[in-house]
Structures are given as C-alpha cells and as structure tokens.
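Chemist: I'd like to ask you about the structure that follows.
The values are calculated or read from the model by the stated rules, or taken from the named source; none is laboratory data. Model, not experiment: these values are computed from the prediction. Glycine gets a Cβ as well: all are built from the backbone with ideal geometry, and neighbour counts include every protein chain shown.
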Amino acid sequence: MMLPEFLQYPQMQRAFVIALIAGPIAGLLGTFVTLRRMSFFSDAISHAAMTGVALGFLLRLAHDMASPSMQVTLVIFCVLVALLMAWLFERTTLHTDTVIAFSYTGSVALGVVLISRLRGYRMLEEALFGDILASSPADVWIVAALGAVILGFLFLNMRALTLSVVQENLAKIEGINIRALNYGFVVLISAVVALLLRELGALLISGLIVVPAAAARVSAGNFRQMLILSACFGLVGTASGVTSSYYLDTPTGPTIVLADVVILTFCLVLARARRGKREHLQSPAGQSEAA
C-alpha cells in the first residue's frame, strides 16, 4: 500500500507516530487536569523545565537536548518542582493559584539568570519551541512507554481520580489515599512535560494537555463522554497538525496546537448554537412554534 506523500520521509513517520501516541494520552490526562483546575500547573512545570535545561548545560550534564542525560535531568528537575508545589498546596494557607504563580515566576526568573550564564542561546530554541521532526527512533519508544504508564495509572486509579474530583470527602470515607493520589498525579504531569519538551517545547506543551480536554468539556454530556472526546480530539488535533504542517510548510509543534485550538473553537461555536436553540425552544415563542 502506497503511503501518503508526507509519510514517505522517516522524520515525518516518527513525528506522526509520536503525535498519534501523545495526542490521546495528553487529552486523557488533561481531562483530570482541567477538572482539578490545574491547567496553569502544567504550564508552570513546562516553564520551570527551562531552568532544568539551563542547569543541564551549565553543569555539563548534557551537550544537547537529545542526549539521554538531559532527559533524565529534566525528569528529575520537573518532578522535584512538582512535588514542591504539591507540598506547598497542602502545607500552607496560600491558595493554589498563588503557589503556582510564584513558582512559575520564580522558576522562570531563575532560568533567565542561568541562561544568561550560557554563551549561546540558540541551543535553548529547541526547548522553547520544540522540534518533533528531530525525534529519533529512541524518542518514539520513550513516548510509547510514557503512554503505557499514563494509561496504566489512569486505568488503575480511574475510580479514585473520579471520586477525588466529584466528591473528595466520599473518596476519603472509602479509604482512598488522596494525598498519595495527588502526589502521583503531579509526578505524572511533570514526567509528561519533561519527556515531551523536546517535541513541543515549553511554550506549547501545556496546550496539548489542556486544549483537547477543554473542547471535550464543552461538548460532552457526562464524564465518560468527556474522557472519550478528549482522547479523540487529542488524536485528531495532533494528526491533523502534523499533516497540515507538511503541506503548509509551517512549524509542526505550533501547527499541532493551532489544530487543537481550531477544534476547541468549533466546539464552543457548536455548544453556543445548541444552547441558543434550546433557549429558543423553551421560550414562549418557541413553544408556540412547536405547537
């Protein structure tokens, strides 16, 4: 069978496979991120990752973004930042958004200071904007393993995660360890950010997590539908983004996020149209027309 034109190139094949894996799993994870009102959390971790990149270069732990030592550095740094933020959530009287805000700005400020110590800035462009076309076969396997871990975590903890969102007190009554669940969840988010940073970049990766889930939230009638739609929208957004970037000759990462935004916009317009139609049918004029 003849492959489409854009899939005849190895780098596009790897980018497409990564997109097909990352889109749905990020959408599923984003469902719980948005319901827990942690959308800004993933953004804060992705920007904090820039400090991890700068540390990796300054400490000579890695010479480029593709090296395994840099990925290990990023995972460790992002997990530590995420755990610190989660600890502050429960140990201080500060609101969640306040903790995220000062963690976000503090990590970015530290990153800028560390980056200023580096002689060259071009090496950081990949971390900022990502380059999914530069993915290696090893990157494909890493993303596949990450997808398996996320699916496993969500499958094993689906009831606990759902109860913690809908009714946390009931979850505690049933013996669910909410604290351990929360820490595990933030570690998972930080791992996703760290391992997908090279593909999408710090400025875009949060969109892959949040936007498909937001589109699903305005379209779904119940939680089950939201889970299914978030995965579907994530899949469609990444697949269409990679394909469009080839034919439009645009950067792949930004095109993926723009495709997700188009899906969200369509869902918002459709939801508005449905709401308007429902309000019209419920109005006296609409009821008289129906009669």
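Chemist: Hey, can you tell me all the residues within the stretch 72-89 that are of a type in the set (A, V, I, L, M), without any contact (Cβ under 8 Å) to a residue 60 or more places away in the chain and out of contact with any Leu (no Cβ under 9 Å at 6 or more places or on another chain)?
Modeler: Ile76, Leu80, Leu84
Chemist: While we're here: Might you check whether a residue that is of a type in the set (D, E, K, R), modelled with pLDDT of 80 or more and over 20 Å from Gly130 (Cβ atoms) occurs anywhere in the stretch 30-45?
Modeler: So far as the stretch 30-45 goes, yes, one or more of its residues are of a type in the set (D, E, K, R), modelled with pLDDT of 80 or more and over 20 Å from Gly130 (Cβ atoms).
Chemist: Of the residues Gly253, Gly234, only one is part of a helix (DSSP H, G or I), closer than 27 Å to Ala62 by Cβ and not basic (Lys, Arg); which?
Modeler: Gly253
Chemist: Considering each of Ala62, Ala15, Ala44, Ala49 in turn, give the residue that is touching a residue at least 40 places away in the same chain (Cβ under 8 Å) and under 18 Å from Ala138 (Cβ atoms).
Modeler: Criteria check complete, one pass: Ala15.
Chemist: Kindly provide the set of residues from the stretch 215-227 that are closer than 17 Å to Leu154 by Cα and without any contact (Cβ under 8 Å) to a residue 12 or more places away in the chain, ordered by number.
Modeler: Arg224, Gln225
Chemist: A further question on this structure: Would you point out the residue of the stretch 222-262, among those that are over 12 Å from Gly27 (Cβ atoms) and among the charged types (D, E, K, R), that is surrounded by the most Cβ atoms within 10 Å (Cβ to Cβ)?
Modeler: Among residues in the stretch 222-262 that are over 12 Å from Gly27 (Cβ atoms) and among the charged types (D, E, K, R), the one surrounded by the most Cβ atoms within 10 Å (Cβ to Cβ) is Arg224.
Chemist: If I ask for residues that are more than 12 Å from Thr31 (Cα to Cα), surrounded by fewer than 24 Cβ atoms within 10 Å (Cβ to Cβ) and not aliphatic (A, V, I, L, M), which ones from the stretch 195-221 would you list?
Modeler: Once the filter is applied, which keeps residues that are more than 12 Å from Thr31 (Cα to Cα), surrounded by fewer than 24 Cβ atoms within 10 Å (Cβ to Cβ) and not aliphatic (A, V, I, L, M), the stretch 195-221 yields Ser219, Gly221.
Chemist: Restricted to the stretch 155-194, and to residues that are of a type in the set (S, T, N, Q) and part of a helix (DSSP H, G or I), which residue is surrounded by the most Cβ atoms within 10 Å (Cβ to Cβ)?
Modeler: Ser190
Chemist: For the list (1) surrounded by fewer than 18 Cβ atoms within 10 Å (Cβ to Cβ); (2) farther than 19 Å from Val187 by Cα, I need the number of the one condition that Gly56 fails.
Modeler: Here Gly56 clears every test but (1).
Chemist: Between a first residue in the stretch 176-193 that is within 20 Å of Gly52 (Cα to Cα) and among the polar types (S, T, N, Q) and a second residue that is surrounded by fewer than 18 Cβ atoms within 10 Å (Cβ to Cβ) and modelled with pLDDT of 90 or more, which pairs have beta carbons less than 6 Å apart while being 6 or more apart in sequence or on different chains?
Modeler: From the stretch 176-193, no pairs qualify.
Chemist: Quick check on the stretch 116-135: of everything there that is at pLDDT 75 or above and assigned to a helix (DSSP H, G or I), which residue is farthest from Thr250 (Cα to Cα)?
Modeler: Within the stretch 116-135, the match that is farthest from Thr250 (Cα to Cα) is Ala134.
Chemist: Please pick out the residue among Gly147, Gly106, Gly152, Gly111 that is small (Gly, Ala, Ser), at pLDDT below 80 and part of a helix (DSSP H, G or I).
Modeler: The conditions single out Gly111.
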